[in-house]
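Below: the structure, in structure tokens.
The values are calculated or read from the model by the stated rules, or taken from the named source; none is laboratory data. Because the structure is a prediction, the values reported are computed rather than measured. Positions of Cβ are generated from backbone atoms using ideal geometry, with glycine treated the same way; all protein chains shown enter the neighbour counts. Just so you know, the surface numbers come from the protein's heavy atoms only, side chains and all, with ligands and any DNA or RNA stripped out. Shrake-Rupley method; radii C 1.70, N 1.55, O 1.52, S 1.80 Å.
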Amino acid sequence: MAARSIATLTVSFGLVSIPVRLFSATEASKAISFNLLHSTCGSRLKQQYLCVKEEVVVPREEMVKGYEFAKDQYVIFKPEELKAMEEAGTHMAEITEFVPLSSVDPVYFDKAYYLAPDKGGAKPYALLTRALMESGRCALGRWAARGKQYIVMIRAVKEGLVMQQLLYAGEVRSIREIEIPETEVKDAELKLAQQLIDAQSSDTFDPSAYTDQVSARIEAAIQKKVEGQEITMQDEPEVGAQVIDLMEALRASLEKKAVAPSKSKEAPEPAASAGRKPPKRASAEAAAPATKRKAKA
């Protein structure tokens, strides 16, 4: 099924304008959601809002929005006041600067969109895609939609352009807020860690190699329920013992990666049975009596 455009807008940089169509890059509908039901009759429940003071259900037409500026103290805003403060949608993503792609920390990434050229936009679209690809840079700009203003990053991939919605600086916490103690890393430990990284490295990221096993289990359980089957609870997986020795853990990890699954062409040597022990050689002390008996004869 072909993807559907969710909006149209114009990407502009300098005096160049590129009409594009906007496509959502992710699918929220893939998530599994459950409804709240009444356990006695199985009917769906309806959400209601209660007044904490009067303990009565408040209908939607009696609701207003307020901001709590102090404990239990609010300033109330009318719908028209909130509407007046919204950002007017301009259907324009205005590029303000170009920066190295590696300079944008992925922690700022939010929702992603695909951009496709609209009527008359194929040539400038291809131009911007190639220019970004060859320069190793991305475009930063602003985009107003749904009453809000967003920071956006436009980056080039092999197939075209991706517009990444970014979080504002105030929406991202600094890692400096977390207490991380300074710890010495020994050269031997670092060398083993780098060897382990090399052993598990891939040239590219293949997202299809990772599947949501939890969703698969839930979907299978739902199907069993629909078919009237009972679900058996699985035992919790055993948790391995905690490894205290870091060097030992690194060595064990490398040894595990080094075991090749391929079979050798040469026939393997016959292994001793699990229950049998190999014959023991006679010791000098055990052989001594036999020598003496031979001498007497």
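Take the Cα of Ala126, step 7 Å toward its Cβ, do the same at Asn35, and the gap between the two points is 5.0 nm.
Shape analysis of region 1-78 places it in the oblate category; the axes a ≥ b ≥ c from the Cα gyration tensor give an a/c of at least 1.5, with a/b not above b/c.
Relative contact order of region 1-149: what whole-number percent is it, with Cα pairs under 8 angstrom and at least 6 residues apart? Across region 1-149, relative contact order equals 32 percent. Exceedance of the 32 Å cut-off in Cα-Cα distance is limited, within the set Lys158/Lys256; Lys111/Lys186; Lys111/Lys191; Lys46/Lys224, to Lys158/Lys256; Lys111/Lys186; Lys111/Lys191.
With 0.36 nm allotted per residue and the present C-alpha distance subtracted, the Asp105-Gln47 stretch has 16.9 nm of extension available. Set the Förster radius R0 to 45 Å, insert the Cβ-Cβ distance between Ala25 and Leu254 as r into 1/(1 + (r/R0)^6), and round the FRET efficiency to 0.05. Once the sixth-power term is evaluated, E becomes 0.75. Roughly how much of Thr10 is accessible, in Å² to the nearest 10, using a 1.4 Å probe? Spelled out: Thr10, probe radius 1.4 Å, area about 40 Å².
For Ala70 and Gln195, the difference between the fully extended length at 0.36 nm per residue and the C-alpha to C-alpha distance is 39.4 nm.
Volume of the convex hull of region 14-156 (Cα atoms only), normalised per residue: 235 Å³.
Extension gain for the segment Glu62 to Arg146, taken as residue separation times 0.36 nm less the Cα-Cα distance, is 27.8 nm to one decimal. Using a probe of 1.4 angstrom and keeping all protein chains present, the accessible surface of region 55-189 works out to 76 square angstrom per residue.
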